[in-house]
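Shown next, in structure tokens, is the structure this report addresses.
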Amino acid sequence: MKLKVRKSPLHGRGLFASKAIPWGTKIIEYTGEAIPDDVAEERIARGADCIFELRQGENIDGAVNGNEARYVNHARRRPNCFILREDGKIWIVAGIEGIKNGEELTFDYGSGFYPR
């Protein structure tokens with residue numbers, strides 16, 4: 001999958017599609033260091049913002065040995081991606097409308113990250 005990291009109009013840097021991506025496509029796996037909840041909580045308290053819950057008691061810190069998936073930004077109103085947790089992995093997946101060439105990849109981080 002061809003993706004580019006560049007300056008985002010939403011926040012910092014973002015991840016952008018280099019070609020159209022059809023809906024339902026697994027775009028990129030969210031990778032990084034596997035850490036337990038207590039380590040995740042310590043890192044978040046120090047300002048870490050790339051930690052993703054994989055399952056109960058296990059998290060992925062995308063800032064440590066992670067990939068470009070950590071640059072997918074938050075969009076509550078019209079996210080174009082969703083998250084799939086499957087077989088111990090986290091996938092960023094193209095939403096129902098797909099992704100246009102040059103479009104920034106986004107998903108709703110949820111109320112736990114951005115309370116309403």
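The values are calculated or read from the model by the stated rules, or taken from the named source; none is laboratory data. What you see is a predicted model, and the numbers here were worked out from it, not measured in a lab. Counting neighbours? That spans all protein chains shown, and the Cβs are built from the backbone with ideal geometry, glycine included.
Residues in region 57-94 that are crowded, with 18+ Cβ neighbours inside 10 Å, among the aliphatic types (A, V, I, L, M) and over 12 Å from the mean Cα position of the chain (by Cα): how many?
0
Out of contact with any Asp or Glu (no Cβ under 9 Å at 6 or more places or on another chain), assigned to a loop (DSSP other than H, G, I, E, B) and surrounded by 12 or more Cβ atoms within 10 Å (Cβ to Cβ), is that true of G24? Walk me through how you get there before you give the answer.
On the way: out of contact with any Asp or Glu (no Cβ under 9 Å at 6 or more places or on another chain): yes; assigned to a loop (DSSP other than H, G, I, E, B): yes; surrounded by 12 or more Cβ atoms within 10 Å (Cβ to Cβ): yes.
Yes; evaluated as a whole, the condition is true for this residue.
Just checking, which of N73, N59 is farther than 24 Å from I99 by Cβ and either modelled with pLDDT of 95 or more or in contact with a His (Cβ under 6 Å, 6 or more places away or on another chain) (or both)?
When all the criteria are applied, what remains is N59.
Does region 74-95 contain any residue that is under 21 Å from S8 (Cα atoms), among the small types (G, A, S) and not assigned by TED's automatic domain parsing to the domain that holds L3?
Within region 74-95, none of the residues are under 21 Å from S8 (Cα atoms), among the small types (G, A, S) and not assigned by TED's automatic domain parsing to the domain that holds L3.
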